[in-house]
Amino acid sequence: MKSNKLCRMKKKFFLPMLVSLQLLFGSCENNFDPYIYGALLQGEYPSTEQEYVSYMMVCYLPYTTVWTYDMGSGGLQHGIHIQSGGAVRMFDSASDICAPATTVGADWERLSKGDYSNCFYYWRGNVDDGGNLNHFPKTAQVTRMTEVIGTLEKAPLTALTEEKKNNLLGEARLCRGLMMYFLLHVYGPVPVILDPEKVIDPEALSNTVRPSLDEMTQWITDDLEFAAKNAPEVAPDLGRYTRDYARFCLMKHCLNEGEHMEGYYQRAIDMYNELNTGKYDLFRTGSTPYVDLFKNANKFNKEIIMAVSCSPAADGNPKHGNANPFLMWALPSDVAKGDPFPMGGGWLQAFSMDKKYYDAFESNDGRLKTIVTSYKDKNGVVINKDNLGVRWNGYIINKFPQETMTTFQGTDIPLARWADVLLMYAEAEVRKTGTVPSVAAINAVNQVRKRAGLSDLPSVTTNTKDAFLNAILIERGHEFFYEGYRKIDLIRFNKYAQEMYKAKGIMPTHQYMPIPNYAVEQAISYGKELKQTWERPGWAEDKSKAQQSIN
């Protein structure tokens, strides 16, 4: 955090304007209008409504899907939604869904096996897809967002109306809350600065110790609660965040932390009730609705509460909009051009579906139609399950298909879907009551199953709390694979070690990624102790149960 030099600058500087202009010229959403807000002249900045909007927009940089971004603190970083280093790699490839990436090597293989032993040696940057996934510098970017929030809070009424100020603060605090949420689920609780008066305070910057889980949970809640009450009801530009997205994020956060935070399960149910107004529903159009849900023709359909809006013209350059390069890491490089991959193979197959995981689906599950179980290579040879672990790692995820003859696809990346709201509601209710599920909870799960072409849950899965929760965990994995949730779900159910061993025959080395050595050593130089590894109270039990299955 002490390296956050940008926070030393106040109102008289050019960099935030330049970064914001870069953002508005297409790096965050291709739908954002590229207006030039303000002029690059020395003086008080920001001072007008348009300049305050521009100033706030820097908070969206971590949520773009360009190759890397730079907020002026923490160096180059992978965005949270870029699959090469963000949530998909952190939480899906390191889960039971993904086959071990043995044909790829380096950290792709290690993380796909839940092996975090190399993370101790990560360096300060985060730009190497093969061997350095260091997200810890994002703690400095939380500080940067805090500085932006402080500036917005002090904006005079002559520049911003109270409503407009609160709208902008809602967006900024949602961005900050989501950054802390991401860091929490990568590392566990980490040190952050949330007081704008302390962003350049040497004592605060050197206080590099882990907060408690309850403390960090509450900080995230405070930001999400504020956003749920103050962010715009309707997005000013497609892709900017709204109150409904804040409600969704708060619902998910409260579900994750309800076991140790009083009243959180009820708060998750409250968010369901606020979202359940008839505005959203499952996408059920056509004979293969789950397949079609993600296609370009159905962008921002009624199921989508929020998505990263992507452009087929995107190429990784911030000026050309968000890309969806998922298939570059999901396709073996030797896939021949033709149906269903007109552009042919990707760079490497780091993301895949483990055969054991695939085999656990019900045979008539319509979601399996997004999984490819064999392909032809460039020589016309059929590559199938007999070649797994040699020619390819696992079955191909074709959830975001090649629809255009472009290197990357313009398929939007879903961040919040109604299907998730339904399954979260069912889980929150039964966790709150601690008893058998209600008819409404069972119906919520069955709606998702029916859209996939499945029958209702059998009674054996609904006659006890534990059986119903287990059914929900299975359903979540089959519905949201490679949407960036799986490891978080497994940890919430305290089954990360168990499910990893069941699918892959391997035990994760840690529950959460260790903080790199350099940060621990820097804390020591400040006279502080930054605990390198962290785990939730149930981790020992999870490992013990996994070990018992080994024996």
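Rounded is the label for the chain. Its Cα gyration tensor axes, ordered a ≥ b ≥ c, give a/c under 1.5.
List the trypsin sites (Lys or Arg not before Pro) in region 62-141 that DSSP assigns to loop (not H, G, I, E or B) and whose Cβ has at most 15 other Cβ atoms within 10 Å. Which are they?
The qualifying sites are 124.
Model label points for residue 436 and residue 238, set 7 angstrom from Cα along the Cα-to-Cβ axis, are 4.8 nm apart. Within the same chain, lysines fewer than 8 places from residue 528 are excluded, and of the rest, those with a Cα less than 25 Å from its Cα are 2, 5, 138, 198. Estimated from helices alone, the mean residue ellipticity of the chain at 222 nm is -11500 deg cm²/dmol (sum of -39500 (n - 2.57) over DSSP H runs with n ≥ 4, per residue).
Amide hydrogen proximity for residue 307: with H placed 1.01 Å from N in the peptide plane, the residues at 5 or more positions away or on another chain lying under 5 Å are 415.
Round to a whole number: what % of the accessible area of the chain belongs to carbon and sulfur, probe 1.4 Å? Looking at the chain in its full context, I get 51 percent from C and S. Taking a straight line from the alpha carbon of residue 465, these aspartates and glutamates sit under 20 Å away, with near neighbours fewer than eight places off in the same chain left out: 257, 259, 262, 420, 427, 429, 456, 475, 489, 499, 541, 542. Model label sites at residue 296 and residue 387, defined 7 Å from Cα along the beta-carbon direction, differ in position by 2.8 nm. Output the pairs from 502/531; 432/487; 432/502 with a Cα-Cα distance over 24 Å in this structure; if there are none, say none. Exceeds cut-off: 502/531; 432/502. Tell me whether region 51-210 comes out rounded, prolate or oblate; compute the Cα gyration tensor, take square roots of the eigenvalues as a ≥ b ≥ c, and use a/c under 1.5 as the rounded threshold. It comes out prolate by the Cα gyration axes. Taking GluC sites (Glu not before Pro) across region 228-278, the ones in a DSSP loop with at most 12 further Cβ atoms lying within 10 angstrom of their Cβ are 233, 262. How about residue 369: which lysines have a C-alpha closer than 18 Å to its C-alpha, ignoring those fewer than 8 places off in the same chain? Here the lysines satisfying the reach criterion relative to residue 369 are 295, 355, 356, 385, 399, 450.
Summed over the residues of the chain and divided among them, the accessible surface reaches 37 Å² per residue at a probe radius of 1.4 Å. In terms of distances greater than 22 angstrom between alpha carbons, the cross-link table entries 319/378; 113/378; 113/545 yield 319/378; 113/378. Seen through its C-alpha gyration tensor, with square-root eigenvalues sorted a ≥ b ≥ c, region 270-423 comes out oblate because a/c lies at 1.5 or above while a/b is not bigger than b/c.
The values are calculated or read from the model by the stated rules, or taken from the named source; none is laboratory data. Everything numeric here is computed off the predicted structure, so don't read it as measured data. Neighbour counts run over all protein chains shown; Cβ positions are idealised from the backbone, glycine included. The area values use the complete protein model at the heavy-atom level, side chains included, leaving out ligands, DNA and RNA. Shrake-Rupley method; radii C 1.70, N 1.55, O 1.52, S 1.80 Å.
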